[in-house]
1. Compute the FRET efficiency between residue 176 and residue 142 as 1/(1 + (r/R0)^6), taking r as their Cβ-Cβ distance and R0 = 22 Å, and round to the nearest 0.05.
2. Which residue, 205, 154, 177, has the largest displacement toward the positive end of the dipole of segment 129-227 when charges sit on each Cβ (Lys, Arg +1; Asp, Glu -1)?
3. Before anything else, pin down the relative contact order of the chain: Cα pairs under 8 Å, at least 6 apart, normalised by residue count, whole percent.
4. For the chain, treating each Cα as an identical point scatterer without solvent, what Debye log10 I(q)/I(0) comes out at q = 0.11, 0.13, 0.17 1/Å?
5. In degrees, nearest 10, range 0 to 90: what is the angle between the Cα axis of helix 2-27 and the longest Cα principal axis of the chain?
6. At q = 0.13, 0.22 Å⁻¹, what log₁₀ I(q)/I(0) does a Debye calculation on the Cα points of segment 97-229 give, no solvent, two decimals?
7. Cross-link partners among aspartates and glutamates for residue 144, C-alpha distance below 13 Å, same-chain residues fewer than 8 apart left out?
8. When the C-alpha atoms of segment 102-177 are aligned to their principal axes, what extent does each axis show, in angstrom, from largest down?
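The values are calculated or read from the model by the stated rules, or taken from the named source; none is laboratory data. Predicted model only: the values in this text are computed from it and were never measured. Note that we place each Cβ from the backbone using ideal geometry, even for glycine, and neighbour counts take in every protein chain shown. To get the accessible areas, we keep the full protein, side chains included, count just its heavy atoms, and leave off ligands, DNA and RNA. Shrake-Rupley method; radii C 1.70, N 1.55, O 1.52, S 1.80 Å.
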Amino acid sequence: MKRITTLLMASLGTFSLACQQQDNLADEKPAIKAISFVGIPTQNVRFDASNARITVQLPAIVNGGLQPVFELTQGTQVLDGVMADKTIDLSAFCACNPSNHPKKIILRVGNQKTTAVYELVVVATGPLKARNTADQFIFSRKTKRLDLRLPVENLYSNPHVDMLLFTDVVTGHVTRISADAACLNGCISNAPNELVFSLGSPIEQELLPGTYTISVTGIGFPQHLVVTD
């Protein structure tokens, strides 16, 4: 009988210890212990844990998007801020930004009891620059919509483009497209190195059939635009 009692007490003690350990893990606050990014040197990532702030200096070209690698506290999961393809949507940093203050992305992590919020800010390494690719763009005037995705470096510097210049390579005639100083450019989350323009009617009246060079805020692009009827 004594032996059975001793075994029972030992079992109860083990069960109590396991429950206590589980309670301690559940009480641990959700947090990011460390963070890195695929293809980004560690010296270009600054993690201020006390202020819940992450700053990343991006390369000129973000190959494959910005993919974070988290080290989290026990029981913590990433709840918000990362897309299904495991990258971070950087489109907040490549649209027009009228202020000098950087935009932020919110990363939210949590466990079964509570959540924690972190701010992510990205910094471009240089000014917007055209990339030399073999792309050529075609615009049919029948569609009445011109969608341009210009390959660039340093997309995430919040460029503000209020005028596009199209120069006919044969005649030299320049067509200027603007919207009364309003911003024309945008970007897409799954196109991490492309400056996007979506121009609707009356663009088909402005651009006549021909081949054009493209210029944006003084930046000439090597790609041509071919306009057809």
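1. 0.45
2. With unit charges placed on the Cβ atoms, the residue in question is 205.
3. Relative contact order of the chain: 19 percent.
4. -0.68, -0.84, -1.15
5. Orientation of helix 2-27: about 30 degrees from the principal axis.
6. After summing over all Cα pairs, the log10 values are -0.62, -1.42.
7. Partners found: 204, 206, 229.
8. 67, 32, 25
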